[in-house]
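Down below is the structure, laid out as structure tokens.
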Amino acid sequence: QVQVVESGGGLVQSGGSLRLSCAASGRVSAIDVMGWYREAPGRQREWVAVDTMNGITKYAEFVKGRFTMSMDIAERTMSLQMNSLKPEDTAVYYCRYGMGRNDYWGQGAQVTVSP
């Protein structure tokens, strides 16, 4: 069994910064995908930043230059540094670990950006 625990998030004013962290533990097998996603009210979950273990992290256009994903594969942790936050970044953010045919998700962290 794999456990994924998220931390971070909160309330910040427009232009501010927040950091999210995620850690996987338990019966973790080879990780082939690590990523961050978000789900805003009334909208489908969308990807924010994804790394397929090829040394290249891809960012959605709407966060490029503002968000940075970092990983420690050996420690099975990842983080998302979010700068220059905008009200439209308000959402529940989820981390994801892909291991073969299985996906493991964090419990979600609320990020709220006030105008």
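The values are calculated or read from the model by the stated rules, or taken from the named source; none is laboratory data. Quick caveat: nothing in here was measured; it's all calculated off a predicted structure. Note: ideal-geometry Cβ built from the backbone for every residue, glycine included; neighbour counts use all protein chains shown. The protein model used for the area step is the full one, side chains on, heavy atoms only, and it has no ligands, DNA or RNA in it. Shrake-Rupley method; radii C 1.70, N 1.55, O 1.52, S 1.80 Å.
On the given criteria, is V48 in a strand (DSSP E or B), under 12 Å from the mean Cα position of the chain (by Cα), of a type in the set (V, I, T) and modelled with pLDDT of 95 or more? Yes, satisfied.
Within region 83-105, the residues that satisfy the criterion of being open to solvent by 10 Å² or more (accessible area, probe 1.4 Å), part of a loop (DSSP other than H, G, I, E, B) and on the phi < 0 side of the Ramachandran plot are N83, K86, T90, R101.
Which one is least open to solvent (accessible area, probe 1.4 Å), of the residues in region 36-64 that are on the phi > 0 side of the Ramachandran plot and not hydrophobic (A, V, I, L, M, F, W, C)?
Here is the first cut: in region 36-64, the residues on the phi > 0 side of the Ramachandran plot are 42, 53, 55.
Pick out the ones that are also not hydrophobic (A, V, I, L, M, F, W, C) and you get 42, 55.
Values: G42: 92, G55: 72 Å².
The selected residue is G55.
Applying the selection to region 1-42, what residues are in contact with an Asp or Glu (Cβ under 6 Å, 6 or more places away or on another chain) and aliphatic (A, V, I, L, M)? Of everything in region 1-42, just one residue is in contact with an Asp or Glu (Cβ under 6 Å, 6 or more places away or on another chain) and aliphatic (A, V, I, L, M), namely M34.
Taking every residue in region 1-18 that is open to solvent by 50 Å² or more (accessible area, probe 1.4 Å) and pairing it with any residue that is among the hydroxyl-bearing types (S, T, Y) and not in a strand (DSSP E or B), at least 6 positions away or on another chain, the pairs with Cβ-Cβ distances below 8 Å are G15/S84; S17/S84.
Report, by residue number, each residue of region 106-115 that is in a strand (DSSP E or B) and open to solvent by 80 Å² or more (accessible area, probe 1.4 Å). Break it down into steps so the answer makes sense when it comes.
Within region 106-115, the subset in a strand (DSSP E or B) is 109-114.
If the condition is that a residue be in a strand (DSSP E or B) and open to solvent by 80 Å² or more (accessible area, probe 1.4 Å), then Q110 is the only one that fits.
Evaluation of V28 against the conditions (1) under 16 Å from G106 (Cα atoms); (2) under 16 Å from the mean Cα position of the chain (by Cα); (3) surrounded by 13 or more Cβ atoms within 10 Å (Cβ to Cβ) shows that the sole unmet condition is (2). Select from region 65-81 the residues that are without any contact (Cβ under 8 Å) to a residue 60 or more places away in the chain and in a strand (DSSP E or B) and write down the one among them that is surrounded by the most Cβ atoms within 10 Å (Cβ to Cβ). Checking each candidate, the answer is M78. Applying a threshold of 6 Å to beta carbon distances and a minimum spacing of six or more residues, or different chains, the list of pairs starting in region 29-44 at a residue that is more than 17 Å from G55 (Cβ to Cβ) and ending at one that is open to solvent by 60 Å² or more (accessible area, probe 1.4 Å) and aromatic (F, W, Y) reads Y37/W47.
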